[in-house]
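Taking it in order: structure first as structure tokens, then the write-up.
The values are calculated or read from the model by the stated rules, or taken from the named source; none is laboratory data. Remember, it's a predicted structure, so these values are computed and weren't measured experimentally. In this analysis, Cβ positions are derived from the backbone assuming ideal geometry, glycine residues included, and neighbour counts consider all displayed protein chains. Remember, those area values only see protein heavy atoms, side chains included, never the ligands or the DNA or RNA. Shrake-Rupley method; radii C 1.70, N 1.55, O 1.52, S 1.80 Å.
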Amino acid sequence: MTTPVDEPTAWDERSTLLTMLRYTRDVAAAKCRGLAEEQASAAPLATSPLMTIGGVVNHLRWVEHFWVENQFVGGPDLGPWTDESPDQEFIDGAEAPLPDVLRAYADQAARTDRIIEGLDLDDRSASPVRSGEHPTLRWVVLHLIEETARHNGHLDIIRELVDGSTGP
């Protein structure tokens, strides 16, 4: 795995946004380097039993699926969540081998990239958000960057509590 890079090869809006999305994904994966299986499923925050490294990464995978394949394109919601278990992706990620979780996240990122490759940033989603508006692809990409960056902070905290590691 290479070191995450946050500088785009071109400075236009699309290149910048997609570089930052890739960068935040790469940071999430980098925070998993060198973890043993029991560390990836450890929940060191007593008040947040779903916050495991595997669970957070699996959540990020399903967030991309939901926002791009389901909400934006209008495909089926294949996420593992149910009314009875709305956070099932966190549970599944904690129980699955970390290499499988990381592979599924990388596969989802590749699907996301293929889908948005042919779309314009001003294209509108098939499904509306709570306000009834149909967000642009620009908003969806920014939302994925925000969500991934926020969870990278969670990964920082969990990783430090699990094995003392800190870093980018």
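Cβ contacts < 6 Å: first residue under 25 Å from VAL56 (Cα atoms), restricted to the range 1-27; second residue part of a helix (DSSP H, G or I) and open to solvent by 30 Å² or more (accessible area, probe 1.4 Å), any location; separation 6+ or different chain. Result?
What qualifies is PRO4/TYR23; PRO4/ASP26; ASP6/TYR23; THR24/ALA149.
Free of Cβ contacts under 8 Å to residues at least 40 places away in the same chain, under 24 Å from LEU35 (Cβ atoms) and not in a loop (DSSP other than H, G, I, E, B): does that describe ALA110? Walk me through it before giving the result.
On the way: free of Cβ contacts under 8 Å to residues at least 40 places away in the same chain: yes; under 24 Å from LEU35 (Cβ atoms): yes; not in a loop (DSSP other than H, G, I, E, B): yes.
Taking the combined requirement at face value, the residue satisfies it.
Restricting to the range 64-102, name every residue that is in a helix (DSSP H, G or I), open to solvent by 50 Å² or more (accessible area, probe 1.4 Å) and either β-branched (Val, Ile, Thr) or touching a residue at least 40 places away in the same chain (Cβ under 8 Å) (or both).
ILE91, GLU95
Condition first: closer than 23 Å to TYR23 by Cβ and open to solvent by less than 70 Å² (accessible area, probe 1.4 Å). Now tell me which residues in the range 127-143 satisfy that.
PRO135, THR136, LEU137, ARG138, VAL140, VAL141, HIS143
Quickly run through the range 103-126 and pick out the residues that are touching a Gly at 6+ places or on another chain (Cβ under 9 Å) and open to solvent by 30 Å² or more (accessible area, probe 1.4 Å).
Hit for the range 103-126 is ALA126, nothing else.
Applying the selection to the range 145-166, what residues are in contact with a Leu (Cβ under 8 Å, 6 or more places away or on another chain) and of a type in the set (S, T, N, Q)?
Residue satisfying the conditions is THR148 alone.
Here's a check for you: in the range 4-47, which residue that is part of a loop (DSSP other than H, G, I, E, B) and in contact with a Pro (Cβ under 8 Å, 6 or more places away or on another chain) is most open to solvent (accessible area, probe 1.4 Å)?
Of everything passing the filter in the range 4-47, ALA43 is most open to solvent (accessible area, probe 1.4 Å).
Quick one: how many residues across the range 130-168 are among the small types (Gly, Ala, Ser) and part of a helix (DSSP H, G or I)?
Looking only at that region, the number is 2.
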